[in-house]
Ligand code: ISL
Ligand code: CA
């Protein structure tokens, strides 16, 4: 493999959710020109690449994750020329662009699907997954099988015109593509080449581990889940990824990070074993679903497991689907600075490519939602309706919906303490968190979380051991994550207190060469203070 294909092993990647990043034309919606305006900011933070959440033409049922035209830009965000400018201007600052590739499904507004419905004889019918209904014991028609959507409700919707059902593992406006049809794979290759020709560096591949469904009619679901035993990480999906890798991705030196929903460590190992994807986003550490384990314990255990089991990880604690990390893994009230910088240290010192989600670098928090009217995410609305149907009181249903839904991640980026947090001169498409008065880029860059992020990124880039060094975990209190990163001559010991309690440090602190800390005064004891995080440097005698 050429060396240049490994740039991502030395990179810090920043995720932009364009709708909420920066609005350049005062319509309340973030846009591509808005991103261009902030390239200098990203350069100063010293990120090497931007993962851009979808900017393609889309009716926004799932805010861009329902694509109606893969080779065009949603006019709300700009034009293809704006996109070319973004790629060019970012590149002149040494920043690469990674596109979001959503190919498990399209929008129902994509011309392929419209044709498939309007004209069942057209070749586009076979781009999607159609099945006749099944019969229940009384002879009444029902869906082809009992699979459910990841977003609740049945995974099949009947097309009244033909009487057949189409599969959608997300909303019913997101029909799944049929990966048994080689023409679909050819279309995907064209899409990849189109964007690589425009100069993008790679792709974040949305739910890439569910492309190929092994069975439909006989796929009666066993687990409480969606029926995923029939489509998670199937041999058919591996075959497609190997093909795309060989035909397009590898020859064109494109970087890939695959979002792998419900992936096990073993799945991740298989996808990244050489000829499929470069890296994987696994979610075991972020407590998908209901669990009795505390979030930090889960984060700690899964981190140790994945870091020990994969040679090269992605390291992330936020994205556009997750709650704000400082609100769920830290303490956004009493220890905002301490816990947001502890989480920064987590993100930037483990072994793997770190991904920072917009706003994480200033410790943006969850939003104090109080009414379901404020919801934009379809998932929040679905959960609310289910909760209400199960007779949950309004306030509890609202609370539950916003804790599972994804609106917390999507409130506008907080640039300044002034009107609309400097995001837009008009009323933003989602409310701005009132705490922008204290939590914003302007203030955070002085002595706040942002300045800590900058220092830490600089440190990571000047100390090869922190980037590419080996990793070894240390015995510690269960509330502490402690590890060594080392390469020839140098050992860094990273200690993170993931709790608001005082806990014993796993190594002696007195006399240690602490080169970075999120407390202004060093500790005089061997006790870690709430969310204290330390980086200790030891130079080995040769
Ligand atoms: O459904 C899940 C678990 O219950 C999620 O973890 C799942 O991995 C996630 O919803 C997939 O997300 C991606 O694809 C979706 C889109 O809505 C998300 O924004 C995107 O990140 C459909 O394209
Ligand atoms: Ca705009």
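Quick test of your reading of the structure: residue 29 fulfils all but one of (1) in a loop (DSSP other than H, G, I, E, B); (2) under 20 Å from the mean Cα position of the chain (by Cα); (3) within 12 Å of ligand 2 (Cβ to nearest atom). Name the failing condition by number.
Of (1) in a loop (DSSP other than H, G, I, E, B); (2) under 20 Å from the mean Cα position of the chain (by Cα); (3) within 12 Å of ligand 2 (Cβ to nearest atom), only one is false for residue 29: (2).
Away from ligand 1 (no atom under 16 Å from the Cβ) and modelled with pLDDT of 95 or more: is that true of residue 137 in this structure?
no
What number of residues in region 405-426 are part of a helix (DSSP H, G or I) and either modelled with pLDDT under 95 or away from ligand 1 (no atom under 16 Å from the Cβ) (or both)?
Quick first cut of region 405-426, residues part of a helix (DSSP H, G or I) only: 407-410, 419-422.
Checking which are either modelled with pLDDT under 95 or away from ligand 1 (no atom under 16 Å from the Cβ) (or both) leaves us with 419-422.
Qualifying residue count for the region: 4.
Being assigned to a helix (DSSP H, G or I), in contact with a helix residue (DSSP H, G or I) (Cβ under 9 Å, 6 or more places away or on another chain) and more than 16 Å from residue 320 (Cα to Cα): is that true of residue 398 here?
Spelling it out, residue 398 is indeed assigned to a helix (DSSP H, G or I), in contact with a helix residue (DSSP H, G or I) (Cβ under 9 Å, 6 or more places away or on another chain) and more than 16 Å from residue 320 (Cα to Cα).
Quick check: anything in region 69-83 modelled with pLDDT of 95 or more, more than 16 Å from ligand 2 (Cβ to nearest atom) and assigned to a loop (DSSP other than H, G, I, E, B)?
So the first thing to find is which residues in region 69-83 are modelled with pLDDT of 95 or more, and the list is 69-83.
Subset that is more than 16 Å from ligand 2 (Cβ to nearest atom): 69-72, 80.
Now drop any that are not assigned to a loop (DSSP other than H, G, I, E, B), which leaves none.
Taking every residue of region 69-83 in turn, none turns out to be modelled with pLDDT of 95 or more, more than 16 Å from ligand 2 (Cβ to nearest atom) and assigned to a loop (DSSP other than H, G, I, E, B).
With (1) in contact with a strand residue (DSSP E or B) (Cβ under 8 Å, 6 or more places away or on another chain); (2) closer than 17 Å to residue 343 by Cα as the list, and residue 501 as the residue in question, which single condition is left unmet?
(1)
What pairs can you find where one residue is in region 15-26 and in contact (Cβ under 8 Å) with a residue 24 or more places away in the chain and within 12 Å of residue 420 (Cβ to Cβ), the other is outside any loop (DSSP other than H, G, I, E, B) and more than 13 Å from ligand 1 (Cβ to nearest atom), and their Cβ atoms are less than 7 Å apart, with a gap of 6+ or different chains?
22/34; 22/35; 22/37; 23/34
Every residue, every condition in (1) more than 16 Å from ligand 1 (Cβ to nearest atom); (2) modelled with pLDDT under 95; (3) surrounded by fewer than 16 Cβ atoms within 10 Å (Cβ to Cβ), yes or no:
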residue: 10; (1), (2), (3): yes, no, yes
residue: 16; (1), (2), (3): no, no, no
residue: 27; (1), (2), (3): yes, no, yes
residue: 32; (1), (2), (3): yes, no, no
residue: 36; (1), (2), (3): yes, no, no
residue: 39; (1), (2), (3): yes, no, no
residue: 48; (1), (2), (3): yes, no, no
residue: 93; (1), (2), (3): yes, no, yes
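Tell me, yes or no, whether region 478-495 has at least one residue that is part of a helix (DSSP H, G or I), within 28 Å of the chain's Cα centre (by Cα) and within 16 Å of residue 348 (Cβ to Cβ).
Residues of region 478-495 part of a helix (DSSP H, G or I): none.
No, the conditions are met nowhere in region 478-495.
Collect the residues in region 86-115 that are part of a helix (DSSP H, G or I), under 16 Å from residue 51 (Cα atoms) and touching a helix residue (DSSP H, G or I) at 6+ places or on another chain (Cβ under 7 Å), keeping them in residue-number order.
86, 89, 90
Could you list all residues from region 144-176 that are closer than 22 Å to residue 119 by Cα, crowded, with 23+ Cβ neighbours inside 10 Å and touching a helix residue (DSSP H, G or I) at 6+ places or on another chain (Cβ under 7 Å)?
175
The values are calculated or read from the model by the stated rules, or taken from the named source; none is laboratory data. Quantities reported herein were computed from a predicted structural model and do not represent experimental measurements. Virtual Cβ from ideal backbone geometry, glycine too; neighbours counted across all protein chains shown.
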